1. Looking only at region 108-121, filter to residues that are in contact with a strand residue (DSSP E or B) (Cβ under 9 Å, 6 or more places away or on another chain) and not in a helix (DSSP H, G or I); which one of those is surrounded by the fewest Cβ atoms within 10 Å (Cβ to Cβ)?
2. Picking from 97, 75, which residue would you name as being buried (at least 18 other Cβ atoms within 10 Å of the Cβ), small (Gly, Ala, Ser), at pLDDT below 95 and under 19 Å from residue 158 (Cα atoms)?
3. Where residues in region 156-172 are modelled with pLDDT under 90 and in a strand (DSSP E or B), which of them is surrounded by the most Cβ atoms within 10 Å (Cβ to Cβ)?
4. Exactly one of (1) over 24 Å from residue 98 (Cα atoms); (2) exposed (fewer than 14 other Cβ atoms within 10 Å of the Cβ); (3) out of contact with any Lys or Arg (no Cβ under 9 Å at 6 or more places or on another chain); (4) hydrophobic (A, V, I, L, M, F, W, C) is unmet by residue 136. Its number?
5. If you take the residues of region 122-151 that are in contact (Cβ under 8 Å) with a residue 24 or more places away in the chain, aliphatic (A, V, I, L, M) and outside any loop (DSSP other than H, G, I, E, B), which of them is farthest from residue 177 (Cα to Cα)?
Amino acid sequence: MKHEFAYEEAQRHLRQRNRMAGLATLFALTSLIAVAAAATREETVILVPVTPERLTLSSRAVDAHYLELVTRDTALMLLNRAPESLDYWMEQILKVADPAAHGRLKAELVKIVEEQRGSDVSQAFVIARMEVDPAALTSTVTGTLKTFVGAQVIASQERSFTFDWRRRGLSLGLTGFRQLPNTDEGNEP
């Protein structure tokens, strides 16, 4: 009798083990399918409207129009500055900086802040045209850069600036900017 009872008990445990093994296999298979789907799925984010068009950002590539809008906003923020708002100005530019370039950009911005702090020198930039290269993640902005001392315009020149970007996931980060040499600077007497 004990033998039959032990046999039935062993069979019950065996069936229970087999059900658990089947359930574990099902969960493992479901997890693998979910991981594979997540890894191969293209990610898209719908951006807040800052333009009448609908913008999306894909994990495959940066849209030229999106790069243009980001460059426009960054250029206007970077090239329009006054001594009264230098701390805010630097803070906002560093928010769009790529983490890997943060230290270098901050050092460049600190030099500008130290030069301008306490002065009456301000500058304003009016964009005339822009060229973007989404493949290289660069953009060039050309326009009129006006320099003021108080309310007096002391200089108004056409200038071009290049912005370099880095893509991290679905976001762009500023890695550098520089003023391009003026084509007529070398021709001045």
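1. Checked region 108-121; the qualifying residue surrounded by the fewest Cβ atoms within 10 Å (Cβ to Cβ) is 119.
2. 75
3. 172
4. (1)
5. The residue in question is 149.
The values are calculated or read from the model by the stated rules, or taken from the named source; none is laboratory data. Every value quoted in this text rests on a predicted model; they were computed, and no experiment measured them. A quick note on method: Cβ atoms are made from the backbone with ideal geometry, for glycine too, and the neighbour counts reach across all protein chains shown.
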